[in-house]
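Structure record follows, encoded as structure tokens.
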There are 2 protein chains.
Amino acid sequence: MVLKRNRKKTKAVFIGPVQIGAGAPVVVQSMTSTDTRDVKATISQIRRLVRAGCELVRVAVQDGEAAAAIGAIKQSITVPLIADIHFNYRLALESIRQGADAIRINPGNIPAKHLGEVIRAARDAGIAVRIGVNSGSLDKTALKKFGAPTADALVESALRSIELFESLGFTSIKLSLKSSDVTAMIEAYRSISRKTDYPLHLGVTEAGSLVQAAIKSSIGIGVLLNEGIGDTIRVSVTGDPVQEMQVAYGILRALGIREVGPDIISCPTCGRCEIDLAVLARKVERALAGRKEHLKVALMGCVVNGPGEAAEADIGIAGGHGSGILFKKGKAVKRVGEAQFVQCLLEEINAMTSGREENLE
Amino acid sequence: MVLKRNRKKTKAVFIGPVQIGAGAPVVVQSMTSTDTRDVKATISQIRRLVRAGCELVRVAVQDGEAAAAIGAIKQSITVPLIADIHFNYRLALESIRQGADAIRINPGNIPAKHLGEVIRAARDAGIAVRIGVNSGSLDKTALKKFGAPTADALVESALRSIELFESLGFTSIKLSLKSSDVTAMIEAYRSISRKTDYPLHLGVTEAGSLVQAAIKSSIGIGVLLNEGIGDTIRVSVTGDPVQEMQVAYGILRALGIREVGPDIISCPTCGRCEIDLAVLARKVERALAGRKEHLKVALMGCVVNGPGEAAEADIGIAGGHGSGILFKKGKAVKRVGEAQFVQCLLEEINAMTSGREENLE
């Protein structure tokens, strides 16, 4: 069941065939951490990202060689590709020529006088542009006016860029207003959401390694999505970007926005727990990683409370001394030896999900 | 700088000397995963929790032997101790006799007819009680009325318990309305916050292992704290409870509610990155783990963008080929060899924080 909530009505923008905004499902995206000039490594990482659920992928275009690599990368991937440009507008022009499905530009480091040429090239190619405002590289006018990269400064910078794009008749725009400060990020997106209808790309920037990134992104992205704001999300993790998928889909599942992949609930264990639940949880998480089917799997530490406490789960194990109870929807099904917990659970899950259509919404 | 925000004004409740509610700082708590009857192991885990920042600790009281162990545990710890009781009200009475600083009871599994005796004992001992409603073990009347453990069902169960406590003149109450469903949990706490002024203990129950627990807890607890709701928090992690402190303080820092411990910001790395930032971030995180001093540490993947993008950081490293720039508040200080990154950063941080008073608010 996907929760209905009042989502802010935004305009639709397409990146390849993927719709962003106007009621489309919230799209999950990521960015490669490879050197884009290394075509083979970049393709390989993109494929791993796609298997993990990535629906749009961005690559850094740091120089002409990286821009020139986009054509070759595009030939070997199916997911739409976004070229990330800083400083040099010529890299944007070359990325568009190479077939990028969208470009991201940072108005803080590409002078307005060069943007006209980029906008016309994007329009001629029929692709979208993300205006990616960033607290760490805000344009000088906004920074000077507000003295610091506050939420208002991010919003003003975005609005000024929109004005320029619109003056050239270009409206295939999505916006991001990222900050490493979670509260500034929340405030900036709330404000821009009241002021424009362009679809929003949500993210907390420089969020750190996995656990810290999960915390900051879950709060920043979670608070906004819960208010109906946001059309596509990117979780930034320092490390393997495949980890970003785990966090992104975890956020969407927790809010009932997209039910993709298993939701594993497991008790925090206490003095009543008679099995090594942490080890069991890790094993089950690993065994189910990357599965798209949605079901609620409960791993409970005691036979007495377990099945009842997890009655909402589709399936679960409640562990006792050396053996446990397999239960479905709160009802005990059979007794299972502790060594068979993972295998038994997987067999039952496979039987439950076989024939189910994979539904990414 | 601690952000001022409109916090819901709640009543004050004391657990030992620790104030919950009425404007006190949001208190971080945890629960042991040891067998409470194993006094030595439980004391050792409590000490680890306290070193990591735990301000209130709860232990499971699964039987008479566990209740009897509370006195001995109390003698060896300084942090206030809460006894967690299910099913058997006599365990609550024994825990109070043993000197517990508060008890947690679950109205879903302790019959109202036995609660009077527990409430009188708590009143005579001058301690507080947490009414801990839980979606997985809701009382039968509420469950029957609503058909499922919905937010409304959790709220009704809590309100009925409050009525019973108040009818006996007992008001040293805090409340929790936990669910493994993040949206139900948010809705339940919002609703109860409108209906009573008792302080609220926030938590998402059965949240899973570290990363999933970080996601669910950050959204559930984060959304509520950001609305000014919540007086004490517990992050539930399947695994070593010390991990709960990392997530709890991460949430409080991200929202600017309590600035305890270093905030490490690091870029997600991209094709422009010339150092192994993920390894550096992990090393720095480990080296700074458990530190109470608040400062913003930036780890950036490129020398060109790094210092500027992280100008808000107190200190940082921007890495290039084989060496990097140490910077403070966006200004380059000196060049450092890659092998010296961690040591150099630590020495500078120690110099910056020496003499600073440890301030847990």
- the range A:106-205: radius of gyration over Cα atoms, expressed as a fraction of 2.2 N^0.38 Å: 1.01
- Given charges of +1 on the Cβ of Lys and Arg and -1 on the Cβ of Asp and Glu, with all other atoms neutral, how large is the dipole of the range B:13-98 about its Cα centre, in debye to the nearest 20? 220 debye
- Inter-centroid distance (Cα atoms) of the range A:152-211 relative to the range A:72-127, Å: 18 Å
- Note on the structure: Here the correct list, in nm and shortest first, of distances from residue B:190 to the same site in the other copies, label points 7 Å along Cα→Cβ, is 1.3
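So what is the relative contact order for the range A:147-253, in percent, with contacts set as C-alpha pairs under 8 Å and at least six apart? Could the numbers behind the result be given before it?
Values: 145 pairs, mean separation 25.1, N = 107.
It rounds to 23 percent for the range A:147-253.
What number comes out for accessible area per residue over chain B if the probe is 1.4 Å? Units Å², please. Write out the running numbers ahead of the final one.
Values: 13370 Å² over 361 residues.
Value for chain B: 37 Å² per residue.
Between B and A, buried accessible area summed over both sides at probe 1.4 Å, in Å² to the nearest 100? Please report the intermediate quantities before stating the final value.
Working: alone 16050 and 16050 Å², together 26730 Å².
Adding both sides of the contact gives about 5400 Å².
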- Task: With only alpha-carbon atoms counted, please give the Rg and Dmax of the range B:13-254, in Å.
- Result: 16.4, 46
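My understanding is that a pair violates if its Cα-Cα distance is over 25 Å; which of A:334/B:216; A:216/B:328; A:174/B:328 do that in this structure? Provide the component values of the computation, followed by the final result.
Numbers: A:334/B:216 30 Å; A:216/B:328 23 Å; A:174/B:328 34 Å.
Table pairs above 25 Å Cα-Cα are A:334/B:216; A:174/B:328.
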- Tell me, what ³J(HN,Hα) does each residue in the range B:176-187 have, in order and in whole Hz, if you take phi through Karplus 6.51 cos²θ - 1.76 cosθ + 1.60 with θ = phi - 60° and put x for Gly and Pro? 9, 9, 8, 9, 7, 8, 4, 5, 5, 5, 4, 4
- Note on the structure: Measuring from the longest principal axis of the C-alpha atoms of chain B, the long axis of helix B:242-254 (C-alpha) lies at a number of degrees, nearest 10, equal to 70 degrees
- Task: Consider a paramagnetic label point 7 Å from the Cα of residue B:282 along Cα→Cβ; state which residues of the range A:235-250 have an amide N under 18 Å from it.
- Result: A:237-247
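Using the alpha carbons of the protein assembly as shown, what is the convex hull volume per residue in cubic angstrom, as a whole number? Display every interim value, and only then the final one.
Values: hull volume 109.8 nm³, N = 722.
Looking at the protein assembly as shown, the number lands at 152 Å³ per residue.
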- Query: Other chains near B:51-64: what is the mean number of their Cβ atoms within 10 Å of each residue's Cβ?
  - Reply: 1
- Item | Lys, Arg +1 and Asp, Glu -1 on Cβ, resulting dipole of the protein assembly as shown about Cα centre, debye, nearest 20 | 900 debye
- Query: Can you give the relative contact order of chain B as a percent, counting alpha carbon pairs under 8 Å and 6+ residues apart?
  - Reply: 13 percent
- Reachable aspartates and glutamates from residue A:74, criterion Cα separation under 17 angstrom, eight or more residues apart if same chain: A:35, A:38, A:55, A:65, A:84, A:94, A:101
- Task: Can you tell me the dipole magnitude for the range B:167-274 around its Cα centre, using point charges on the Cβ only (Lys, Arg +1; Asp, Glu -1), in Debye to the nearest 20?
- Result: 240 debye
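Assuming R0 = 30 Å, what is the FRET efficiency of residue A:292 and residue A:196, from their Cβ-Cβ distance, to the nearest 0.05? Intermediate results must be reported in sequence, preceding the final value.
Values: r = 33 Å, r/R0 = 1.11.
After rounding to 0.05, the efficiency reads 0.35.
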- Message: Relative contact order for the range A:1-114: what percent, with Cα pairs under 8 Å and sequence separation of 6 or more?
- Response: 21 percent
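Using only atoms on other chains, find how many Cβ atoms lie within 10 Å of each Cβ of peptide A:310-319 and report the average.
Working: counts 4, 7, 8, 3, 0, 0, 0, 0, 0, 0.
For peptide A:310-319, the averaged partner shielding equals 2.
Using only DSSP helix segments of four residues or longer, with each worth -39500 (n - 2.57), what per-residue ellipticity at 222 nm results for chain B after dividing by its residue count and rounding to 500? Kindly include the intermediate steps, with their values, before the conclusion.
Details: 12 runs with 145 residues, N = 361.
After summing the helix terms and dividing by the residues of chain B, the value is -12500 deg cm²/dmol.
Sorting check: for A:120-128, A:228-236, which peptide has the highest mean count of neighbouring beta carbons within 10 Å, and how do the rest follow?
Working: A:120-128: 17.1, A:228-236: 24.4.
Answer by packing, highest mean first, reads A:228-236, A:120-128.
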- Task: May I ask you to report, in nm to one decimal and beginning with the shortest, the distances from residue A:124 to the same position in the other copies, taking label points 7 Å along Cα-to-Cβ?
- Result: 9.0
- Message: Label position 7 Å from Cα toward Cβ: report the copy-to-copy distances for residue B:12 in nm, one decimal, ordered from shortest.
- Response: 5.9
- PRE zone check, label point 7 Å out along Cα-to-Cβ of residue B:9, amide N under 14 Å, scope the range B:113-131, hits none
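Over all distinct Cα pairs, what is the inverse of the mean 1/r for the range B:197-277, reported as the Kirkwood hydrodynamic radius in Å?
13.9 Å
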- Query: For residue A:90 and residue A:152, FRET efficiency with R0 = 22 Å and r from the beta-carbon atoms, rounded to 0.05?
  - Reply: 0.10
- Note on the structure: For the protein assembly as shown, the charge dipole (Cβ of Lys, Arg +1; Cβ of Asp, Glu -1; about the Cα centre) points to a positive end, and the Cα of A:34, A:219, A:260 closest to that extreme belongs to A:219
- For residue A:298, other-chain or 5+-apart residues with amide H closer than 5 Å (H placed, Pro excluded) are A:265, A:315, A:316, A:317
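Across peptide B:135-145, what mean number of C-beta atoms from other chains lies inside 10 Å of a residue's C-beta? Working shown, then result.
Working: counts 4, 14, 4, 3, 0, 0, 0, 0, 1, 0, 0.
If you average over the peptide's residues, the count of other-chain Cβ atoms is 2.
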- Long-range amide H contacts for residue A:104: which residues qualify at under 5 Å (H placed 1.01 Å from N, peptide plane, sequence gap of 5 or more or a different chain)? A:83, A:84, A:85, A:130
- Starting at the first residue of the range A:318-330, write each ³J(HN,Hα) from the Karplus equation 6.51 cos²θ - 1.76 cosθ + 1.60 with θ = phi - 60°, in whole Hz, x for Gly and Pro. 10, x, x, 6, x, 8, x, 10, 8, 10, 10, 6, x
- Item | Hz values of 3J(HN,Hα) by residue in the range B:103-108 - Karplus curve (6.51, -1.76, 1.60), Gly and Pro given as x | 10, 10, 10, 10, x, x
- For the range A:262-353, what is the convex hull volume of the alpha-carbon atoms per residue, in Å³? 80 Å³
- Amide H to amide H, which residues 5 or more places from residue B:202 or on other chains are under 5 Å from it, using H placed in the peptide plane? B:231, B:232, B:233, B:234
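The values are calculated or read from the model by the stated rules, or taken from the named source; none is laboratory data. All values derive from a computational prediction rather than experimental measurement. When we count neighbours, we look across all protein chains shown, and the Cβ atoms used for this are built from the backbone with ideal geometry, even at glycine. Side chains are part of the model used for accessible areas, which takes the heavy atoms of the whole protein and leaves out ligands, DNA and RNA. Shrake-Rupley method; radii C 1.70, N 1.55, O 1.52, S 1.80 Å.
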